[in-house]
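**Q** For reference, the structure I am asking about is given below.
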Amino acid sequence: LPYDWLVLALGSSADPRGVPGVREHAVPFNNLDDALRVRGALEEIEGAAQSGWTSTGPDARPLTVMVVGAGYAGVELAAVVAERLRNNAGGAVRVQVVTPSAGILPGSPPGQREAAERTLGSLGVETLAGTRVLSLERSSEPGTLSTSVVAQLSTSAPEGSDAGATTVTCGADLVLWTAGSAPAT
């Protein structure tokens, strides 16, 4: 076949950005194996929600899926996960998008960003803007799911505030990592 350009797209892999615990405890979303892991984890979360799972730790919380990265992949993944969990878990699961930027889809045209914000809002997805993941570790809380973690997050102060960054610890039952990518080799 004649052609003018030949593109060899070898794909990419998740970039943990040097964050401790990401390789061990977060699920990347780059290939079929990752998608199958996500499906299995979502099925576990749906089962827990349908059986009335509640957090028993000192910081009681709902079942939580945290999507790290608010580019196109992270925003679309958060929307699909939220819609699936709304249909299969009765809305009993919190979905969050974590981004160090001031909002989702940084650098995108304003119309796309606003449409995505409306969609995420209508699905109940929380956006944690100005937030970085500092570390992930396996949760030791009794009764947690196989994918449950404790996340250390650094949140920056809103623009115009004199307050500095604060560090918070929170639980999540699944962390999906879409932040950054590195070429597949």
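**Q** Test A116 against the criterion of being surrounded by 20 or more Cβ atoms within 10 Å (Cβ to Cβ) and part of a helix (DSSP H, G or I), and give yes or no. Spell out the reasoning first.
**A** Working: surrounded by 20 or more Cβ atoms within 10 Å (Cβ to Cβ): yes; part of a helix (DSSP H, G or I): yes.
Criteria met by A116.
**Q** Could I ask something else about it? Filtering segment 41-79 down to residues that are in a helix (DSSP H, G or I) and exposed (fewer than 14 other Cβ atoms within 10 Å of the Cβ), which residue is farthest from the chain's Cα centre (by Cα)?
**A** Among residues in segment 41-79 that are in a helix (DSSP H, G or I) and exposed (fewer than 14 other Cβ atoms within 10 Å of the Cβ), the one farthest from the chain's Cα centre (by Cα) is Q50.
**Q** Which members of segment 80-100 meet the condition of being open to solvent by less than 10 Å² (accessible area, probe 1.4 Å) and of a type outside the set (G, A, S)?
**A** Across segment 80-100, the qualifying residues are V81, L85, V95, V97, V98, T99.
**Q** So, one more: Among the residues of segment 1-30, write down those that are under 28 Å from T144 (Cβ atoms) and either among the aromatic types (F, W, Y) or at pLDDT below 75 (or both).
**A** The initial filter retains those residues of segment 1-30 that are under 28 Å from T144 (Cβ atoms), namely 13-30.
Those that are under 28 Å from T144 (Cβ atoms) and either among the aromatic types (F, W, Y) or at pLDDT below 75 (or both): S13, A14, F29.
**Q** Within 26 Å of S135 (Cβ to Cβ) and open to solvent by 60 Å² or more (accessible area, probe 1.4 Å) - does that describe any residue in segment 101-111?
**A** yes
**Q** Go through (1) assigned to a strand (DSSP E or B); (2) free of Cβ contacts under 8 Å to residues at least 24 places away in the same chain for G121 and report which single condition fails.
**A** G121 satisfies every listed condition except (1).
**Q** Being in contact (Cβ under 8 Å) with a residue 12 or more places away in the chain and out of contact with any Phe, Trp or Tyr (no Cβ under 9 Å at 6 or more places or on another chain) is the filter here, so list the residues in segment 63-79 that pass it.
**A** Answer for segment 63-79, where residues must be in contact (Cβ under 8 Å) with a residue 12 or more places away in the chain and out of contact with any Phe, Trp or Tyr (no Cβ under 9 Å at 6 or more places or on another chain): T64, V65, M66, A70, G71, Y72, V75, A78, A79.
**Q** Same structure, new question: If you scan segment 1-40, which residues turn out to be free of Cβ contacts under 8 Å to residues at least 24 places away in the same chain, loosely packed, with under 15 Cβ neighbours inside 10 Å and closer than 24 Å to G143 by Cα?
**A** Within segment 1-40, R23, L36, R39, G40 qualify.
**Q** Among the residues of segment 81-111, what is the count of those that are under 25 Å from G52 (Cβ atoms) and among the β-branched types (V, I, T)?
**A** Final tally of qualifying residues: 3.
The values are calculated or read from the model by the stated rules, or taken from the named source; none is laboratory data. Predicted model, so just to flag it, every value in this text is computed and none were measured. In this analysis, Cβ positions are derived from the backbone assuming ideal geometry, glycine residues included, and neighbour counts consider all displayed protein chains. For the accessible areas, the whole protein counts, side chains as well, though only heavy atoms, and no ligand, DNA or RNA atoms are used. Shrake-Rupley method; radii C 1.70, N 1.55, O 1.52, S 1.80 Å.
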